[in-house]
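One structure is given below, encoded as structure tokens.
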Amino acid sequence: MNDKLHLTPEDKFPEDLSKVEDTELQVLDSQVQRQLDYEYVVEGEPHPETEFRHYDLDEEFSERDKRGD
């Protein structure tokens, strides 16, 4: 598991989130959210890659919620 608290736009990110285990997906989500928060505070707006990752994670969580019903 990755020990970083933030996932910068330059850090590796899985291409297929459907293959990521639930726990690791939650860690990724936390790292991306922390990065978004950092970018808003320090840079005034999010980096496009961080926004895309956040969107992709939200989509994957939604898909998993649908499959879990």
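The values are calculated or read from the model by the stated rules, or taken from the named source; none is laboratory data. Fair warning: this is a prediction, and the values are worked out from it, not measured in the lab. A quick note on method: Cβ atoms are made from the backbone with ideal geometry, for glycine too, and the neighbour counts reach across all protein chains shown. Just so you know, the surface numbers come from the protein's heavy atoms only, side chains and all, with ligands and any DNA or RNA stripped out. Shrake-Rupley method; radii C 1.70, N 1.55, O 1.52, S 1.80 Å.
Numbers below:
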read-out: Condition check for LEU7: outside any helix (DSSP H, G or I), in contact (Cβ under 8 Å) with a residue 12 or more places away in the chain, open to solvent by less than 100 Å² (accessible area, probe 1.4 Å) and of a type in the set (A, V, I, L, M, F, W, C); value: yes
read-out: Pairs with Cβ under 8 Å, 6+ apart, first in segment 47-69 and among the aromatic types (Phe, Trp, Tyr), second open to solvent by less than 80 Å² (accessible area, probe 1.4 Å); value: PHE61/LEU25; PHE61/ASP29
read-out: Every residue from segment 1-16 that is farther than 21 Å from PRO46 by Cα and modelled with pLDDT of 95 or more; value: ASP16
read-out: Looking only at segment 10-21, and only at residues there that are outside any loop (DSSP other than H, G, I, E, B) and either among the charged types (D, E, K, R) or open to solvent by 50 Å² or more (accessible area, probe 1.4 Å) (or both), the one that is farthest from GLU63 (Cα to Cα); value: LYS19
read-out: Of residues in segment 25-54 being exposed (fewer than 14 other Cβ atoms within 10 Å of the Cβ) and of a type outside the set (Val, Ile, Thr), the one nearest to ARG67 (Cα to Cα); value: GLN26
read-out: Members of segment 55-69 that are modelled with pLDDT under 95, open to solvent by 70 Å² or more (accessible area, probe 1.4 Å) and either in a helix (DSSP H, G or I) or not acidic (Asp, Glu) (or both); value: GLU63, ASP65, LYS66, ARG67
read-out: Residue match in segment 22-41 (condition: part of a loop (DSSP other than H, G, I, E, B) and under 9 Å from the mean Cα position of the chain (by Cα)); value: no
